[in-house]
Amino acid sequence: PTMAQSQALLVLENFIGGKFVPCSSYIDSYNPSTGDVYCRVPDSGKEEVEAAVKAAKDAFPIWSSKSPLERSQILNKLADLIEHDLEAFAQAESKDQGKTITFARTVDIPRAVHNFRFFASSILHHVTECTEMPAMGCVHYTSRAPVGVAGLISPWNLPLYLLTWKIAPAIACGNTVVAKPSEMTSVTAWMMCKLLEKAGVPAGVVNVVFGTGGKAGEALVCHPDVPLISFTGSTLTAQRITERSAPHCKRLSLELGGKNPAIIFDDADLSQCIPTTVRSSFANQGEICLCTSRIFVQRGIYSEFLKRFVAEAKKWKTGNPSDPTVNVGALISKEHLEKVRNYVKKAQAEGARVLCGEGVDPLALPPGNQKGYFMLPTVIAEVKDESCCMQEEIFGPVTCVVAFDTEEEVIQRANGVKYGLAATVWSGNVGRVHRVAHRLQSGLVWTNCWLVRDLNLPFGGMKASGIGREGAKDSYEFFTEVKTITIKH
Ligand code: NAD
């Protein structure tokens, strides 16, 4: 950046022990909708992680001895403060990530607020177990205690939403944390740090260290005083984290990628199914782990579905994320855009048909966004199940549509990938939706809807989509250590 630019740049600092601390080196962060560098993010390493872990360790005795009610009140206060600044947070998330302002305003930030409120409430309602052995004169019960310093590592697609989904349960349970957001989307985490003191979060309870995965992330994963790591990101990174943490036998929660099928039977209500499946394919530029990317349509309705689906996808407007009429914003980075485009090229080379979007329709962008990382919602048909577009996570606005004949066949094909995160099933036949839902290898199955979540219930993936679950009870169990105590009377 030039002198004039660097003066205007937003410069983030690490948040350690309740104080903002500058770092000795920085990484550039881009505004995906313009391609300009607009922010500098600390390039933290071992030293910064060491300081943050120490602060978290020092804060643990006091924080863990507070009652759940005291912690609950602080979490609620933090939720109120974020909500009070909702618009500023939404603007920042949109600028930093490329997502539309509408999505940030209605999904990302409200959910971040809700994450704190939800765990502020749920922490008050857990009960532990108790059994009796009268013949032995014994009573057994379990007690749960916070584990210690939790390492939290989150991705760039839903920055504050996913980070708070970890911070909230971790601190509600009495742990202290060192969080490392994605180096590409660090701004809203930094903004949140400014509110912690006012909310009453004691210094050292929440520490945020910014930087890359290879440097800051690994230092956290390898730190001997961090007994648990909660990670959301790609399967490849999860493998690395598993290896690096193995010598310390750390407790891991891994929320990873997906290759999520939508199965559409010929008795589906297409007036509901089509707009929802367009949304499940392209919401947040297709950059949600739960997005649909393989659509199986029963042969009798295949051509009608395709026609209506493409028409609906074409209604989605791509452009400046701050325009409230825009549905598709910018992808996270130039490299990621290139990767997503390459999948479309590979599909074409294999003989698939691109029905709309990339390479088929013109992309008209406002003058200020010409250098942004934009791509139209793209629908591909006649793709083989073995194709990389049907097997690998693309994580962009690309979805494949294929035909199937029978229930048995579609279950096999839907399960024929390494992932198992989320699936949707569309049918008016109650028996069938239950049968299919039971047989799908998927941590979540939505029937006749998408992305309807009750945070009480387990969230997470099977196979290469992850290990462990998050939710009211699951996060409580992950972030606490259980002990069985026996008393003879
Ligand atoms: P990523 O794995 O590249 O990075 C995720 C985080 O891990 C970042 O903070 C990164 O800096 C850090 N990291 C990278 N290498 C590391 C290392 N060696 N040690 C420690 N930390 C390291 O993922 P991404 O590209 O940021 O996010 C996209 C991926 O996340 C997709 O695969 C998507 O499906 C997945 N995701 C999953 C869920 C879910 O809940 N299952 C939710 C959102 C995103």
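The values are calculated or read from the model by the stated rules, or taken from the named source; none is laboratory data. Keep in mind that what you see is a predicted model, and the values were worked out from it rather than measured. Cβ: placed from backbone, ideal geometry, glycine included. Neighbour counts: every protein chain shown. These area figures cover heavy atoms from the full protein model, side chains too; ligands, DNA and RNA do not enter into them. Shrake-Rupley method; radii C 1.70, N 1.55, O 1.52, S 1.80 Å.
Just so you know, in segment 168-196 the residues that are open to solvent by 30 Å² or more (accessible area, probe 1.4 Å) and not aliphatic (A, V, I, L, M) include one that is nearest to Thr237 (Cα to Cα), and it is Glu183.
Residues considered: Lys345, Lys334, Lys384. Of these, the only one that is in contact (Cβ under 8 Å) with a residue 40 or more places away in the chain and not hydrophobic (A, V, I, L, M, F, W, C) is Lys334.
Kindly indicate whether Ser293 is within 16 Å of the ligand (Cβ to nearest atom) and either at pLDDT 95 or above or surrounded by fewer than 21 Cβ atoms within 10 Å (Cβ to Cβ) (or both). For Ser293, the condition - within 16 Å of the ligand (Cβ to nearest atom) and either at pLDDT 95 or above or surrounded by fewer than 21 Cβ atoms within 10 Å (Cβ to Cβ) (or both) - is met.
Can you tell which of Lys473, Lys488, Lys463 is on the phi > 0 side of the Ramachandran plot, open to solvent by 60 Å² or more (accessible area, probe 1.4 Å) and not hydroxyl-bearing (Ser, Thr, Tyr)? From the options Lys473, Lys488, Lys463, the qualifying one is Lys463.
State the number of residues belonging to segment 269-280 that are crowded, with 24+ Cβ neighbours inside 10 Å and either under 18 Å from the mean Cα position of the chain (by Cα) or assigned to a loop (DSSP other than H, G, I, E, B) (or both). Here the count works out to 1. Of the candidates Gly372, Gly357, the single residue that is open to solvent by less than 30 Å² (accessible area, probe 1.4 Å), away from the ligand (no atom under 16 Å from the Cβ), on the phi > 0 side of the Ramachandran plot and in contact (Cβ under 8 Å) with a residue 12 or more places away in the chain is Gly357. When Val430, Val445, Val425 are checked against the criterion of being closer than 16 Å to Ala262 by Cβ, modelled with pLDDT of 95 or more and out of contact with any Lys or Arg (no Cβ under 9 Å at 6 or more places or on another chain), Val445 stands alone in meeting it.
Select, from Val482, Val430, the only residue that is β-branched (Val, Ile, Thr), open to solvent by 60 Å² or more (accessible area, probe 1.4 Å) and farther than 30 Å from Ala170 by Cα. It is Val430. Checked against (1) assigned to a helix (DSSP H, G or I); (2) without any contact (Cβ under 8 Å) to a residue 24 or more places away in the chain, Thr325 meets all criteria but (1). Here Val430, Val436 are screened, and the one residue that is touching a strand residue (DSSP E or B) at 6+ places or on another chain (Cβ under 8 Å), away from the ligand (no atom under 16 Å from the Cβ) and in the same structural domain as Ile295 (by the TED database) is Val436.
Taking strands (runs of 3 or more DSSP E) as the structural unit, those lying wholly within segment 13-79 and holding at least 1 residues that are more than 26 Å from the chain's Cα centre (by Cα) correspond to 19-21.
Test Ile394 against the stated conditions and say whether it is within 16 Å of the ligand (Cβ to nearest atom) and touching a helix residue (DSSP H, G or I) at 6+ places or on another chain (Cβ under 9 Å).
The answer is yes for Ile394.
Looking at segment 197-239, which of its residues are open to solvent by 40 Å² or more (accessible area, probe 1.4 Å), outside any loop (DSSP other than H, G, I, E, B) and near the ligand (Cβ under 10 Å from one of its atoms)? Answer for segment 197-239, where residues must be open to solvent by 40 Å² or more (accessible area, probe 1.4 Å), outside any loop (DSSP other than H, G, I, E, B) and near the ligand (Cβ under 10 Å from one of its atoms): Gly214, Lys215, Leu236, Thr237, Gln239. Within segment 240-268, if we keep just the residues that are of a type in the set (D, E, K, R) and assigned to a strand (DSSP E or B), the residue that is farthest from the ligand (Cβ to nearest atom) turns out to be Arg251. Per the listing Glu304, Glu338, the residue uniquely within 16 Å of the ligand (Cβ to nearest atom) and either more than 20 Å from the chain's Cα centre (by Cα) or assigned to a loop (DSSP other than H, G, I, E, B) (or both) is Glu338. Selection of segment 446-466 for residues being more than 15 Å from the ligand (Cβ to nearest atom) and either in contact with a Phe, Trp or Tyr (Cβ under 7 Å, 6 or more places away or on another chain) or of a type in the set (Val, Ile, Thr) (or both) yields Thr447, Asn448, Val452.
Within segment 73-123, being β-branched (Val, Ile, Thr) and either touching a residue at least 12 places away in the same chain (Cβ under 8 Å) or crowded, with 18+ Cβ neighbours inside 10 Å (or both) holds for Ile74, Ile82, Thr100, Ile101, Thr102, Val107, Ile109, Val113, Ile123.
Restricting the first member to segment 35-63 and to residues that are over 25 Å from Gln97 (Cα atoms), and the second to residues that are hydroxyl-bearing (Ser, Thr, Tyr), the beta-carbon pairs closer than 7 Å and six or more apart or on different chains are Ala56/Thr176; Ala59/Thr176; Phe60/Thr176; Trp63/Thr176.
Ser67 meets the conditions (1) within 28 Å of Asp454 (Cα to Cα); (2) of a type in the set (Gly, Ala, Ser); (3) open to solvent by less than 20 Å² (accessible area, probe 1.4 Å) in every case but one. The failed one is (3).
Beta carbons closer than 6 Å, at least 6 apart along the sequence or on distinct chains, pair a first residue in segment 217-235 that is at negative phi with a second that is near the ligand (Cβ under 8 Å from one of its atoms) and β-branched (Val, Ile, Thr) for Gly217/Ile153; Val221/Ile241; Ile229/Val221; Phe231/Ile153; Phe231/Ile241. Output yes when any residue across segment 124-141 is surrounded by fewer than 17 Cβ atoms within 10 Å (Cβ to Cβ), of a type in the set (Asp, Glu) and part of a strand (DSSP E or B), and no when none is. Yes.
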